[in-house]
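Coordinate-derived values only; no laboratory data. Because the structure is predicted, anything quoted here is derived from the model rather than measured. Cβ placement follows ideal geometry from the backbone for every residue including glycine, while neighbour counts extend to all protein chains displayed.
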Amino acid sequence: MAAQLGRRLRKGATSSAVVAAAVAALAASQAPGVTPPPADNASGDRSIGTGDATTPPDGSATGGSPYYTDLPPLNTPNKPGTSIDLPIVTGPAEAGIPASVLAAYKRAEQSIRSSDPSCNLPWQLLAGIGKVESGQARGGRVDANGTTLSPILGPVLNGVGFADISDTDKGAFDGDARHDRAVGPMQFIPSTWATWGQDANGDGRKDPNNIYDAAQAAGLYLCANNRDLAVKADLDRAILSYNRSTEYLNTVLSWFEYYKRGSHQVPDGTGVLPVDRSDVPAGQTPSTSPTTPAPTKPATPKPSPSKPSTPTPPPVTRPPAERVAKLADSATGTLKATAGTAFAGRPTVLALDAAGKPVSGLAVRFEIVGATDSHFGGGIKTVTVTTGAQGKVVSPAVRAGEQAGAFTVRASVVGRRLAAVDFAATVTVRQADALVSDAKELSATAGTGFADRVLVTATLDGAPAASVDLTAAVLTSGEDPQPAAKGPYFKDANGDPVRTLSGLKTDEKGLLTLPDLFADGEAGTFVLRLTTPGGGTVDIVLKVTAPEPEPTPSPTGSTDASPSPTASPGS
């Protein structure tokens, strides 16, 4: 069964300084010629956000492939509570992890903790899964770039003892064009790798047989569905999403706890190899490793003295892609979401044969079609998921982008031309049902600027409304609002007056500070009206007063004053 998307990615590039320091220290103690991977996401390793990706209820990373059941020894490593990874040290053999493998686990932890700290991914969890899935890449038999010296493949998933999963990669990863097989040190089936594959070592390829690529992908997969791996319930769910078996869960947890008590680095190729396997009865030795399959030579039947024995041919089972007759909508319902949120509904289809019976193990492709920035998480537009026992398959959660409008989610059969099932989806703009301003009235003198700037808070159902569009318009009055042709104004990018501003957005706390307001030569009382989608509105009174008249200068003397009378002679 396939994995799917999941997690909110709180999107962010990997912290190059932190990762570089960890990788450089690890690489320094490895064998000569080791090439450390890049210390950031520039090589293409994508940190899918938490909450952006989900795993369907019946999905698993490995398709239910077998795993190693060896348990840790009863004695614990020499330094409880520590993790020793710098020079090579002595200690319990089972606590030793090959150098390149350990470096890959620690790099994945640092990268994901930088981009998704709330997941709390510990590298020891990756080590526990790597031990159970492949014996730490067959004891660290990898080259200088972290790629296994030979491919690690699980058994053919043809329904004989295992799940029945038809080919989804045309044999590109597993070399089998008829059925899928788990691939690499972390044992991803191809349809899971198609969604989660990473290029963490910067070689331009997303290779499931590369321990850096596989460890990064496994970490992202475990963090899907908003999981916090510091919470026991989320930790259990993450491990079970890898292989839905209680025994598997307990085995991984045993190694997880063991490695948390301490570990040490050993040279590549010298790790302890596990022996017991989940598909082999206790006490028996498997003829081939589940992760290193070799061609099996059919046994020659021995004839009995009386008559030759005739081997019974195995039953012929048609692949799911040949048996399916149609896909049908399984009561998905309406797909609507507000920009930036996840759709509550998830497209769900049933795969049915000609008799109307469910078809399990069928690869179904979900694709987002249309002009939209909505996605399945991490910007991914296409994912492949496998039907469960009841023929049902659920798409990963669709996350609405910021672009409002309609688009289509299309479900189709991989490798077969059958009518697709289309689901109509609609994204509405972010909304606020209330606006509050810190200003009720502002005043200015004509020809000057308003001294105060307006701060407004947008809320929806009492909670801050982030990234909500807001329109600010200057009106003639509140009673009979008409767009003002004169009076207060904002400035556009060219510095020209504009009295209506649209496309303003609140920040993550629902706050917005408006640009500066200016008053032209028109005196009077105006209204600044702020509105948002969803009904939020607030009015602010703007009073513009005429400037004080300049005083008339007082006279300083007179040139036409009459001469004062003088006494006449003899008076």
Mean Cβ count within 10 Å, highest first, over the residues of peptides 382-393, 246-257: 382-393, 246-257
Go through 164-173, 530-539 and give me the packing order, highest mean Cβ count within 10 Å leading. 164-173, 530-539
Residue span Asp480 to Thr513: 0.36 nm per residue of separation minus Cα-Cα distance leaves a gain in nm of 9.2 nm
In whole angstrom, note down how far apart the Cα centers of segment 230-255 and segment 418-460 are. 45
Surrounding charge for Asp516, neighbours by C-beta under 15 angstrom, Lys/Arg +1, Asp/Glu -1, total -1
Net +/- balance of residues flanking Arg410 in space, Cβ distance below 15 Å, scoring K and R +1, D and E -1: +3
For segment 434-545, rounded, prolate or oblate, judged on the Cα gyration tensor with a ≥ b ≥ c (square roots of eigenvalues), a/c < 1.5 rounded, else prolate if a/b > b/c? prolate
Expressed in nm to one decimal, what extension gain is obtained for the pair Ala546 and Ala404 from 0.36 nm per residue of sequence separation less their Cα-Cα distance? 46.6 nm
Which aspartates and glutamates, if any, have their Cα less than 16 Å from the Cα of Lys260, not counting same-chain residues under 8 positions apart? Asp85, Glu94, Glu109
Taking the highest mean first, how do the peptides 415-423, 106-114 order by number of other beta carbon atoms within 10 angstrom per residue? 106-114, 415-423
I need the calculated FRET efficiency for the pair Ala473 and Ala446, taking r as the beta carbon distance and R₀ as 22 Å, to the nearest 0.05. 0.60
Roughly what would the spin-label model give for Ser150 and Asp228, points 7 Å off Cα along C-beta, in nm? 4.6
I need the shape label for segment 88-215. Rule: rounded when a/c is under 1.5, else prolate if a/b > b/c, else oblate, with a, b, c from the alpha carbon gyration tensor. prolate
With a 10 Å Cβ neighbour count serving as the proxy for reagent exposure, in which order, fewest first, do Ile211, Ile239, Ile189 appear? Ile239, Ile189, Ile211
With label points set 7 Å from each Cα along the Cα-to-Cβ direction at Lys170 and Ala331, the distance between them in nm comes to 3.9
Taking the beta-carbon count within 10 Å as an exposure proxy, list Cys223, Cys119 from fewest neighbours to most. Cys119, Cys223
Identify all aspartates and glutamates with a Cα-Cα distance to Lys232 below 16 Å; exclude those on the same chain that are fewer than 8 residues away in sequence. Glu257
For the pairs Lys440/Lys486; Lys509/Lys543; Lys336/Lys381; Lys326/Lys381; Lys440/Lys491, note any where the Cα-Cα span goes beyond 27 Å. Lys509/Lys543
Relative contact order in percent for segment 324-428 (Cα pairs under 8 Å, 6+ apart) equals 34
